[in-house]
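**Q** First, the structure itself, so that you have it in front of you.
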Amino acid sequence: MQVLIADDDALSRRILEDCLQNWGYEVVVTSNGLEAWAVLQEEQRPSLAILDWMMPGMDGVDICARLRKLSIPGYVYTILLTARNQHEDIIKGLESGADDYIIKPFNQEELKSRLKIGRRITELEQRIRRMARTDYLTGLLNRRAFMECLEGEICRSYREQRTLGIVIMDIDHFKRVNDNFGHYAGDVVLQELSQLLVKTCRTYDFVGRYGGEEFIICLPGAGRLETCEVAERLRQRVEQEKIHLPEHQRSVSVTASFGLACLSASQMKDADQLIREADDALYAAKGAGRNQVVLSSKSEE
């Protein structure tokens, strides 16, 4: 885990850095408040920060106050480090938004223990955030998280004038699996196919569970031809897959239908419109006999 150190005293910085590295932390070192603030505004910011109270440019209390006003993903646990030891100073520091307060000169074992507390809190917060974005059964992005990622990817496509493909996959006659083998077997099928999708897609694609037996995939940079190629590869892999059902000591096979939609560099579409087009194409694939790939006619304009 990364820890930010912000201290204008060179000796104090060195002692802190040596201690943290010996305890297994990855350390980011800054020598004043402005440098520390710049690091904390980065997308990949440290989850823990040890901030000296008195620093040039911006002091630790100001950093804590500004940090708590930011709407940023991921909590930053902050520890103020200072020689001030009056009760009013401690109260001021904590009210600014600091999570903890250590008096200089600090005891190394005390600092180590307080960092462990901060680490437990930030790791718990990260687990909660992951759970809120993840489908409990398959481990894929849930619908809400997928939509957030898709909207960001569409904005990037407009900025960079790139294409983008969307694939919605629906397992054919999935109810038969549940009816014949039970819902646990249906869960196994969903889990196995979700892993298959992730393995078959490109490393920079992202996959979500759209609902029930439906999955949705975003293909950044993919045009009509590549989107069709990826979907056809997925269709074949699903059809060929033998899914073992432990409770029944047998394997089953399923097929799936695929609806596709694409965003060209010249088109202006939002996430909802793209998904509607892909969903209409999926409906057409099912109407044509299932186990097929259909590209939206609006993506062919």
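The values are calculated or read from the model by the stated rules, or taken from the named source; none is laboratory data. Please read these numbers as outputs of a predicted model, since none were measured by experiment. Every residue, glycine among them, receives a Cβ derived from its backbone with ideal geometry; neighbour counts consider all protein chains shown. Calculation scope for accessible area: heavy atoms of the full protein, side chains included, ligands and nucleic acids excluded. Shrake-Rupley method; radii C 1.70, N 1.55, O 1.52, S 1.80 Å.
**Q** Would you kindly calculate the mean projected area, averaged across all directions, of the convex hull enclosing the Cα atoms of region 1-145, in square nanometres?
**A** On the way: hull surface 36.9 nm².
If you wrap the Cα atoms of region 1-145 in a convex hull and average its projections, you get 9.2 nm².
**Q** How large a share of the accessible area of region 157-272, in percent, is made up of carbon and sulfur atoms when the probe is 1.4 Å and the other protein chains stay in place?
**A** In region 157-272, the share of accessible area belonging to carbon and sulfur is 46 percent.
**Q** Note down the relative contact order for the chain as a percent, whole number, built from C-alpha pairs under 8 angstrom at least six residues apart.
**A** Relative contact order for the chain comes out at 13 percent.
**Q** When the gyration tensor of the chain is built from Cα positions, what are the square roots of 5 times its three eigenvalues, in whole Å, from largest to smallest? It would help to have the intermediate numbers written out before the result.
**A** Values: eigenvalues 515, 108, 42 Å².
Here the semi-axes work out to 51, 23, 14 Å.
**Q** Counting DSSP beta bridges in region 94-246, what percent are antiparallel, to the nearest 5?
**A** So the antiparallel bridges amount to about 95 percent of the total.
**Q** Using heavy-atom solvent-accessible surface (probe 1.4 Å) with all chains present, what is the largest-first order of Ser251, Ser194, Ser297, Ser71?
**A** Result, largest first: Ser71, Ser297, Ser251, Ser194.
**Q** Between Leu137 and Asn180, what FRET efficiency comes out of the Förster formula 1/(1 + (r/R0)^6) with R0 = 30 Å and r the beta carbon distance, rounded to 0.05?
**A** About 0.95, to the nearest 0.05.
**Q** Take region 128-241, drop everything but the C-alpha atoms, weight them equally and run the Debye formula without solvent; then report log10 I(q)/I(0) at 0.22 Å⁻¹ to two decimals.
**A** The Cα Debye sum returns log10 ratios of -1.27.
**Q** Ignoring everything but the protein chains, give the 1.4 Å probe accessible area of Met147 in square angstrom, nearest 10.
**A** 30
**Q** Mind ranking 131-137, 111-117 by how tightly packed they are, going by the mean number of other C-beta atoms within 10 angstrom, highest first?
**A** 111-117, 131-137
**Q** Ignoring any ligand, DNA or RNA, what whole percent of the accessible area of region 52-106 comes from carbon and sulfur when the probe is 1.4 angstrom? Don't skip to the answer; put the middle values down first.
**A** Numbers: 1510 of 2810 Å².
Carbon-and-sulfur percentage of accessible area, whole number: 54.
**Q** Next question. Under 30 Å between C-alpha atoms is the cut-off here; go through the chain and count lysine pairs that meet it, provided they're at least eight residues apart or on different chains.
**A** 20
**Q** With N residues in region 211-301, what two-decimal value do you get for its Cα radius of gyration over 2.2 N^0.38 Å? Don't skip to the answer; put the middle values down first.
**A** Working: Rg = 14.9 Å, N = 91, 2.2 N^0.38 = 12.2 Å.
Working it through for region 211-301, the quotient is 1.22.
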